[in-house]
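The values are calculated or read from the model by the stated rules, or taken from the named source; none is laboratory data. What you see is a predicted model; the values in this text were computed from it and never measured. Please note: Cβ atoms are built from the backbone with ideal geometry, for glycine as well, and neighbour counts cover all protein chains shown.
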Amino acid sequence: MKIYTKTGDTGKTSLLSGERVEKFDIRINAYGTVDELNSFIGLLIAFDLKKEHKAFLAVIQNKLFNLGSVLAVRNDVSFNIPEITEGDILLIEKEIDKMNKDIPPLKEFVLPGGDIVSAQCHVCRSVCRRAERLVVELSEKEIVDILSIKFLNRLSDYFFVLSRKNIFEKKLSESVWKP
């Protein structure tokens, strides 16, 4: 299979549902940012992170592929598209709750950083927030399943908590905002 098709050479691309759209289409921006997030998660997994966190992130990467597929469809298709479900959101919430049990309550705004792992968690969190904003913007113009927005919202919270969990697992100090 050839990697290059040359079909995008004029600035258009195809959605999974077959329509040709401009590469700057809001739908392309939304699922392109989900793909960017997935790449940053891949980088996070490559760092010194506990195995259980890496395993959970691999699950999230697969869920993000599902989300990208959902976002890459504008009209009905004759094949099955994996979905984002309420169960996917609950999975993230359970992981957040599990990690939050072991870290001190948040009393101040935390600055991104700590170590390279925690800093990368914050990169993932901020890219996830951007993806969420783009999906919300898309939902103002087209039909978007609300679970897609909820999933990204919860996922950004997960990255924040993972950053804190990593800092406390490594006995580092959080940097707090000093206005």
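When you check Leu37 against the structure, is it surrounded by fewer than 14 Cβ atoms within 10 Å (Cβ to Cβ), in contact with a Cys (Cβ under 9 Å, 6 or more places away or on another chain) and at pLDDT 95 or above, yes or no?
Details: surrounded by fewer than 14 Cβ atoms within 10 Å (Cβ to Cβ): no; in contact with a Cys (Cβ under 9 Å, 6 or more places away or on another chain): yes; at pLDDT 95 or above: yes.
No, not satisfied.
Just so you know, in the stretch 78-125 the residues that are within 22 Å of Asp48 (Cβ to Cβ) and of a type in the set (Lys, Arg) include one that is surrounded by the most Cβ atoms within 10 Å (Cβ to Cβ), and it is Arg125. A single entry from Val127, Val117, Val144 fulfils the requirement of being at pLDDT 95 or above and more than 19 Å from Ser173 (Cβ to Cβ): Val127. The residues in the stretch 67-92 that are at pLDDT 95 or above and either farther than 22 Å from Leu138 by Cα or outside any loop (DSSP other than H, G, I, E, B) (or both) can be counted, and the count is 8. Residues in the stretch 84-126 that are among the hydrophobic types (A, V, I, L, M, F, W, C) and in contact with a strand residue (DSSP E or B) (Cβ under 7 Å, 6 or more places away or on another chain): Phe109, Val110, Leu111.
Residue pairs whose Cβ atoms lie under 9 Å apart, sitting 6 or more positions apart in sequence or on different chains, and linking a residue in the stretch 161-179 that is surrounded by 15 or more Cβ atoms within 10 Å (Cβ to Cβ) to a partner that is assigned to a helix (DSSP H, G or I) and β-branched (Val, Ile, Thr), are Val161/Ile96; Leu162/Ile96; Leu162/Val117; Ser163/Val117; Asn166/Val117; Ile167/Val117; Glu174/Ile167. Could you go through the stretch 53-69 and let me know if any residue there is under 20 Å from Leu147 (Cβ atoms) and among the small types (Gly, Ala, Ser). Yes, the conditions are met somewhere in the stretch 53-69. Check the stretch 110-117 and report whether any residue there is in a loop (DSSP other than H, G, I, E, B), without any contact (Cβ under 8 Å) to a residue 24 or more places away in the chain and either closer than 18 Å to Leu71 by Cα or not basic (Lys, Arg) (or both). Checked against the condition, which is being in a loop (DSSP other than H, G, I, E, B), without any contact (Cβ under 8 Å) to a residue 24 or more places away in the chain and either closer than 18 Å to Leu71 by Cα or not basic (Lys, Arg) (or both), the stretch 110-117 yields no hits at all. Residue pairs whose Cβ atoms lie under 8 Å apart, separated by 6 or more positions or on different chains, with the first residue in the stretch 94-105 and modelled with pLDDT of 95 or more and the second aromatic (Phe, Trp, Tyr) and surrounded by 10 or more Cβ atoms within 10 Å (Cβ to Cβ), are Glu95/Phe56; Glu95/Tyr158; Ile96/Tyr158.
Of all residues in the stretch 131-160, those satisfying the criterion of being touching a residue at least 60 places away in the same chain (Cβ under 8 Å) and either surrounded by fewer than 18 Cβ atoms within 10 Å (Cβ to Cβ) or on the phi > 0 side of the Ramachandran plot (or both) are Glu137, Lys141, Glu142, Asp145, Leu147, Lys150, Asp157.
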